[in-house]
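K.L.:
I have a structure here, written as structure tokens, and I will follow up with some questions on it.
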Amino acid sequence: MAKTTFRIGGVHPDDAKVSRGCAIEVLPLPQTVYISMAQHLGAPAKPVVAVGDSVKAGQLIAEAGGFISANVHSSVSGKVKSIAPRKDIAGNNVLHVEITVEGDEWAEGIDLSDTLVTEIPGDRAAILDRIKACGVVGLGGATFPTHVKLNPAPGSVAECLIINGAECEPYLTSDFRIMLERPKEIVVGAAIMKKVLGDCRCVIGIEENKPEAIESMSKAVAELGYPGIEVLSLKKKYPQGGEKQLIDAVMRRQVKSGGLPISVGAVVQNVATSLAVYEAVQKNKPLVTNVMTITGDCLPVEKQHNYQFRIGMPLSYIAEYAGGVPEGAAKIISGGPMMGRAVANMDACTVKGSSSLLYLSEGATKRSEPGNCIRCGRCADACPMGLEPFFLFKLAKVGDMDQLEANAVQDCISCGCCQFSCPAFLPLLDQINIAKGQVLGILKARAAAAKAAAEAAKK
Ligand code: SF4
Ligand code: SF4
């Protein structure tokens, strides 16, 4: 099998996938779940239940709040206790529906059996409606509503659906485990999305450090026999799972600055999203479960896990079930060590896109004292977006927004390759991230003003 990778930049951190041997375990139900109304990209969902209502698992509790938004369902059966703001993982106040768990009864029409359903429905619009109704969002990190991504604007043609099985972030193994344990469901999900996109080519990209997953997925593809689906082994390089990097690795096409993958004929979906699409379309099961890895350098292998969780489970409950926060954990991260977010609040709850609880020791998180830039250029060599991080860093420090925009800080994917490579230990990513947020704010305000002016001119 040919091995390929993206052509610009990238780094090779130790993959530390110690939990790769941990089979998926189902977490028991807690007494209470708190389900966020903002667990997808776009407008928050609007609750359609009231305090005191009885709900079943899989029942709609909030409707999409706009075009870019997603439905939210209860992950448990029980009674709605409150609908109120609550702090999320970053400490921001977000509306949550609190449900007291009573038993485990699922809404009618949801097939929870293990029976594999391989026949794909014929009606493209009906498939999209089902994916939308079930609240499926991208589970590779962005949580973009899947029904929107699978329905490109008129005139755009999908030539290749890329299923992202790269899982290039160190430590994480949840995607790896579902590729071992649910490979056929992932392939059926891919075949469904391929059909929706007009029967384009479909490539499942997996990094070479997961040979068991490559074998498992290749076997499932061969046994199911859907035409036009192939597995591609990718050379290990971070951030292979980045959308634009994966497109370059698979299609040898570059998405231009500010462009969308569809502009080069690509649609990228994660393997976990493919599984969620299978469950939505073939089993009528809304997205209320996912798999997360409990891992870290201060956690012995016997305490590492891959858990199937339900959305709304408190992180503190999961940590306690897994044996407690380990001694020596200096930092807890949700996501991988390169792009994950520090957990500011362990009372926060799992969301659709939760992928890990990563415990890192002081040794793994301690930063060396920053020195002076020695103009070695390593950060630019490592940047997968072809940016000049040392220059952006300088501009960010003086707050030169015009030059930051002109030098495409908005294209930064916050991958951290620059900071990882810098021998002077400069906080490149931190500074660039702040500047990127400011420039994106300016661009948004400018677009809104242009839209308002165009509308005023029409009157
Ligand atoms: S964080 Fe941004 S600037 Fe740094 S390497 Fe990644 S894309 Fe480039
Ligand atoms: S890697 Fe660090 S020291 Fe080298 S050019 Fe970039 S910022 Fe300067």
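K.L.:
Quantify how much of the Cα-Cα distance distribution of the stretch 137-246 extends past 20 Å, in percent.
P.N.:
More than 20 Å apart: 39 percent of the Cα pairs in the stretch 137-246.
K.L.:
Order 61-67, 442-448, 162-168 from most to least packed using the mean count of other Cβ atoms within 10 Å. Spell out each step's value before the answer.
P.N.:
Numbers: 61-67: 17.6, 442-448: 11.1, 162-168: 28.1.
Packing order, densest peptide first, comes out as 162-168, 61-67, 442-448.
K.L.:
Moving on to the next point. Kirkwood hydrodynamic radius, computed over distinct alpha-carbon pairs, for the chain: how many Å, to one decimal? Numbers along the way, then the final one.
P.N.:
Values: mean 1/r = 0.0436 Å⁻¹.
Computed over the chain, the radius equals 22.9 Å.
K.L.:
Could you sort 317-325, 209-217 so that the peptide with the highest average Cβ count within 10 Å comes first and the rest follow in order? Walk me through the intermediate numbers first.
P.N.:
Working: 317-325: 16.9, 209-217: 19.4.
Going from most to least packed, we get 209-217, 317-325.
K.L.:
Rounded to whole Hz and in sequence order, give me ³J(HN,Hα) for the stretch 25-42 from the Karplus expression 6.51 cos²θ - 1.76 cosθ + 1.60, θ = phi - 60°, writing x for Gly and Pro.
P.N.:
Listing the rounded values in order: 10, 8, 6, x, 6, x, 6, 9, 10, 10, 9, 6, 8, 10, 10, 8, 6, x Hz.
K.L.:
Then there is this: Would you calculate a helix-derived [θ] at 222 nm for the chain, using -39,500 (n - 2.57) for each DSSP H run of n ≥ 4 and dividing by the full residue count, to the nearest 500?
P.N.:
On the way: 14 runs with 140 residues, N = 459.
Mean residue ellipticity at 222 nm (helix-derived): -9000 deg cm²/dmol.
K.L.:
Going by a ≥ b ≥ c, the root eigenvalues of the Cα gyration tensor, does the stretch 3-79 fall in the rounded group (a/c under 1.5), the prolate group (a/b larger than b/c) or the oblate group?
P.N.:
Numbers: a/c = 3.87, a/b = 1.65, b/c = 2.35.
Here the stretch 3-79 falls in the oblate category.
K.L.:
Between Glu320 and Asp114, what FRET efficiency comes out of the Förster formula 1/(1 + (r/R0)^6) with R0 = 25 Å and r the beta carbon distance, rounded to 0.05? Before the final figure, lay out the partial values.
P.N.:
Working: r = 29 Å, r/R0 = 1.18.
Given R0 = 25 Å and the Cβ-Cβ separation, E is 0.25.
K.L.:
Still on this structure, please answer the following. May I ask for the distance between the Cα centers of the stretch 400-451 and the stretch 17-60, given as a whole number of Å?
P.N.:
33
K.L.:
Still on this structure, please answer the following. Measuring from label point to label point, each 7 Å out along Cα→Cβ, what is the Asp347 to Glu159 span in nm?
P.N.:
Spacing of the two 7 Å Cα→Cβ label points: 5.3 nm.
K.L.:
Report relative contact order for the chain in percent, whole number only (criteria: Cα-Cα under 8 Å, sequence separation at least 6). Could the numbers behind the result be given before it?
P.N.:
On the way: 1007 pairs, mean separation 86.9, N = 459.
Over the chain, the number comes to 19 percent.
K.L.:
Also, I was wondering about something else. Rounded to two decimals, what is Rg over Rh for the stretch 378-458 when you use alpha-carbon atoms and the Kirkwood radius? Could the numbers behind the result be given before it?
P.N.:
Working: Rg = 14.9 Å, Rh = 13.4 Å.
That ratio is 1.12, to two decimals.
K.L.:
For the stretch 51-190, with equal point scatterers placed on the C-alpha atoms only and solvent neglected, what are the log10 I(q)/I(0) values from the Debye formula at q = 0.11, 0.17, 0.18 1/Å, to two decimals?
P.N.:
Here the Debye-derived log intensity ratios amount to -0.57, -1.31, -1.40.
K.L.:
Now a separate question. Sticking to Cα atoms, compute the Rg of the stretch 242-400 to one decimal and its Dmax as the biggest Cα-Cα distance, whole number, in Å.
P.N.:
So, for the stretch 242-400, Rg and Dmax equal 19.8, 57 Å respectively.
K.L.:
In addition: So how do 352-362, 107-117 stack up, highest first, on mean other-Cβ count within 10 Å? Can you show the working numbers first?
P.N.:
Values: 352-362: 23.5, 107-117: 11.3.
Averaged packing, sorted descending, gives the order 352-362, 107-117.
K.L.:
Further question: Report P(r) for the stretch 202-320: all Cα-Cα distances, bin width 5 Å, range 0 to the bin holding the largest distance, values in whole percent.
P.N.:
P(r) for the stretch 202-320, in whole percents per bin: 2, 9, 14, 16, 18, 18, 14, 7, 3, 0.
K.L.:
Looking at the square roots a ≥ b ≥ c of the eigenvalues of the Cα gyration tensor of the stretch 316-459, which shape do they give, rounded for a/c under 1.5, prolate if a/b is larger than b/c, or oblate? Write down the numbers at each step before the final one.
P.N.:
Numbers: a/c = 3.07, a/b = 1.33, b/c = 2.31.
Judged from the Cα gyration tensor, the stretch 316-459 comes out oblate (a/c at least 1.5, b/c at or above a/b).
K.L.:
For the stretch 281-334 and the stretch 348-382, compute the distance between their C-alpha centroids and round to whole Å.
P.N.:
Measuring centre to centre over Cα atoms gives 20 Å.
FYI, it's all coordinate maths here, none of it is from the lab. Since this is a predicted model, take the numbers as computed values, not measurements. No Cβ is skipped: glycine too gets one built from the backbone with ideal geometry, and neighbour counts run over all protein chains shown.
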